[in-house]
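Heads up, the thing below is written out as structure tokens.
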Amino acid sequence: SAVISQKPSRDICQRGTSLTIQCQVDSQVTMMFWYRQQPGQSLTLIATANQGSEATYESGFVIDKFPISRPNLTFSTLTVSNMSPEDSSIYLCSGTEETGGYGYTFGSGTRLTVV
Amino acid sequence: DQQVKQNSPSLSVQEGRISILNCDYTNSMFDYFLWYKKYPAEGPTFLISISSIKDKNEDGRFTVFLNKSAKHLSLHIVPSQPGDSAVYFCAANFYNQGGKLIFGQGTELSVKP
């Protein structure tokens, strides 16, 4: 399965600023996703990153707050905009070559702390 | 609405014994169920999956059982090893809805020597 490199691995940011997280996949994947894991909670899907078009956001997440780019089949970015302490979470990207029961690979995550 | 639930936040097991992690779901339309293992500071790693048309899948020390009538699945690890200590997430997906995964809250497994 694909290997995903995610960076930065962690960051501490001031409120009101923005952070862009990058994911690079070592092979082409058909689908990429961005998740958030708040402290002590499950992984929650933010959006599906669509190649060459606007991402598809889940309920409760909006493009102005979490703009996503996916210029090709191996790369995607998530920006956390105008950050507040409530955005402190682990952010994870995921990719898969298929939508079946296997093949979903995750990046190592970005631990974001907003102060 | 939590569609996938893991009601036990933690589980402690002796090395060599069986670990049983449980997961319940509410939506009977899920097509696949997956188990992921997560160490601190790492992304989740795929362990094993099961199609909704099966009731058991086995891979080495890991076996997943699916009880569709009860909307319940479980992961059995036999024998448990200290290296199995991690957070385990169950997840489900809809094949025809873009493949996105819906995760449970996770169960932290501790295997004691």
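Every number in this text was worked out from the coordinates using simple rules, so none of it is lab data. All figures in this text were calculated on a predicted structure; none of them were measured in a lab. Using ideal geometry, Cβ is built from the backbone for each residue, glycine included, and neighbour counts are taken over all protein chains shown.
Electrostatic tally near A:GLU98: other residues with Cβ closer than 14 Å to its Cβ, Lys and Arg +1, Asp and Glu -1, net -1. For peptide B:58-70, the mean count of partner chain Cβ atoms within 10 Å of a residue's Cβ comes to 0. Overall, segment B:20-113 carries a charge dipole of about 80 debye about its Cα centre when +1 sits on the Cβ of Lys and Arg and -1 on the Cβ of Asp and Glu, all other atoms neutral. The value of relative contact order for chain B, using C-alpha pairs under 8 Å at least six residues apart, is 37 percent. Beyond 25 Å in Cα-Cα separation lie the following of the pairs A:LYS65/B:LYS37; A:LYS65/B:LYS38; B:LYS37/B:LYS100; B:LYS56/B:LYS112; B:LYS54/B:LYS112; B:LYS71/B:LYS112: A:LYS65/B:LYS37; A:LYS65/B:LYS38; B:LYS56/B:LYS112; B:LYS54/B:LYS112; B:LYS71/B:LYS112. Over all Cα atoms in segment A:1-108, the spread is summed up by Rg and Dmax: 13.2, 40 Å.
For B:GLU15, nonlocal amide neighbours, meaning residues 5 or more places apart or on other chains whose placed amide H falls under 5 Å from its own, are B:LYS112. Packing order of peptides B:74-82, A:60-68, highest average first: B:74-82, A:60-68 (average count of other Cβ atoms within 10 Å over each peptide's residues). Remark: mean inter-chain Cβ contacts per residue of A:33-41 equal 2, using a 10 Å Cβ-Cβ cutoff to other protein chain atoms. Compared with the alpha-carbon gap, the fully stretched path from A:SER9 to A:LYS65 is longer by 18.1 nm at 0.36 nm per residue. Less than 5 angstrom separates the built amide H of A:ILE21 from those of A:LEU78, A:THR79, A:VAL80, all sequence-distant by 5 or more or on a different chain. Along the Cα-to-Cβ line of A:THR56, 7 Å from the Cα, sits a label point; which residues in segment A:69-100 have backbone N less than 13 Å from it? Only A:99 fall inside the zone, counting backbone N under 13 Å. What fraction of the Cα pairs in chain B, stated in percent, has a spacing above 17 angstrom? Percent of Cα pairs beyond 17 Å in chain B: 51. Spread over its residues, the convex hull of the C-alpha atoms of the protein assembly as shown is 118 Å³ per residue.
A simple rule links phi to the HN-Hα coupling: the Karplus curve 6.51 cos²θ - 1.76 cosθ + 1.60 with θ = phi - 60°, which for segment B:56-70 gives 7, 9, 10, 8, x, 7, 10, 10, 10, 10, 10, 10, 5, 5, 8 Hz, with x for Gly and Pro. Across segment B:21-34, coupling constants 3J(HN,Hα) worked out from phi with the 6.51/-1.76/1.60 Karplus curve, θ = phi - 60°, read 10, 10, 8, 10, 9, 10, 9, 6, 8, 4, 9, 9, 10, 9 Hz, and Gly and Pro carry x.
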